[in-house]
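Written out below as structure tokens is the structure these notes cover.
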Amino acid sequence: MPASTPVDWSGIDTVLLDMDGTLLDLHFDNHFWLDLVPRHYAALNGLSVAESLARLKPKFRAVEGTLDWYCIDYWSRELGFDVATVKSDVRERVRFQPGAETFLDRLAALGKRRVLLTNAHPRTLAIKEEQIGLARHFEVMYSTHPFGLPKEHADFWPRFHAREPFDPSRTLFADDSLPVLRAASAFQVKWLRQILQADSTQPGRAAAEFPAVDYVAQLL
């Protein structure tokens, strides 16, 4: 699969965009979950950071790919501290990916309907909106939590489509997650693009089964 293939924007009305790793630098979330959360859990339970990570990794793996994985209310109960407060305290680290804001403005100039579609919990979405003003760039923003399923679940897409009646044949969807893109493909979303450079501090992924770009800005 070529790393980049042209997008026919004349055939697209709606642009669905993931948040973390697509529009925003995933470094914030990786730092939060793999550094800050283990440190807080270690302090709360009298553990070293290494011991904390050893306890947390099986907990993370047990719910990966489910809505609980993205649910800060679930993790607050599971870990014994208010995850949202800790996340809010470091919200200044939230950053757009290079060129993402310009990309969103250009979509508006082209008359495309811009839809944010994230697995992030509504409180997480609110924290990031407060920090960088996401809402001004979108006609509508959705968290998957009210739908009861994450984007990587096939049954999510009919539920979402009932709320946001886009034409799959005239929709572009960009996400950094292959399982999510596979679910969107099964729903016959025509224009799918994987984002490879999700975390600015990590090597970019290799293009796989979907056309791909390093950053969303490269789609225009």
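Please treat every number below as a calculation from the coordinates, not as lab data. Predicted, not measured: the structure shown is a model, and the values here were computed from it. When we count neighbours, we look across all protein chains shown, and the Cβ atoms used for this are built from the backbone with ideal geometry, even at glycine.
So what's the back-of-envelope 222 nm ellipticity for the chain, counting only DSSP H runs of four-plus at -39500 (n - 2.57) apiece and dividing by all residues, rounded to 500? Before the final figure, lay out each step's value.
Values: 9 runs with 82 residues, N = 220.
Rounded to the nearest 500, it is -10500 deg cm²/dmol.
Pairs of Lys residues in the chain that lie 8 or more places apart, or on two chains, and have C-alpha atoms under 30 angstrom apart add up to 14. Residue by residue, the stretch 25-42 carries 3J(HN,Hα) couplings of 5, 5, 4, 4, 6, 5, 5, 5, 7, 9, 10, 5, 4, x, 5, 5, 5, 4 Hz when phi is fed to the Karplus relation 6.51 cos²θ - 1.76 cosθ + 1.60 (θ = phi - 60°); x denotes Gly or Pro.
Treating the angle as unsigned and between 0 and 90°, give the value, to the nearest 10°, between the Cα long axis of helix 122-132 and the longest Cα principal axis of the chain. With both axes taken from Cα atoms, the answer is about 70 degrees. Between residue 142 and 116, 117, 118, the built amide H atoms are under 5 Å apart, and every one of these is 5 or more places off in sequence or on another chain.
Residue by residue, the stretch 67-74 carries 3J(HN,Hα) couplings of 5, 4, 4, 9, 9, 6, 5, 4 Hz when phi is fed to the Karplus relation 6.51 cos²θ - 1.76 cosθ + 1.60 (θ = phi - 60°); x denotes Gly or Pro.
Per the Debye formula on identical point scatterers at the alpha carbon atoms of the chain, with no solvent, log10 I(q)/I(0) at q = 0.10 Å⁻¹ is -0.45. Per-residue packing, averaged as other Cβ atoms within 10 Å, sorts the ranges 204-216, 42-54 into the order 204-216, 42-54, beginning with the highest.
Using the Cβ of residue 169 as centre and a radius below 10 Å, the other residues enclosed give a net charge of 0, where K and R count +1 and D and E count -1. Our coupling estimate for the stretch 105-121, obtained by passing each phi through the Karplus curve with A = 6.51, B = -1.76, C = 1.60 and θ = phi - 60°, is 5, 5, 4, 4, 5, 7, x, 7, 7, 9, 10, 7, 9, 10, 7, 4, 4 Hz, Gly and Pro reported as x. For residue 173, the residues whose modelled amide H falls within less than 5 Å of its own, excluding neighbours fewer than 5 places apart on the same chain, are 16, 191, 192, 193.
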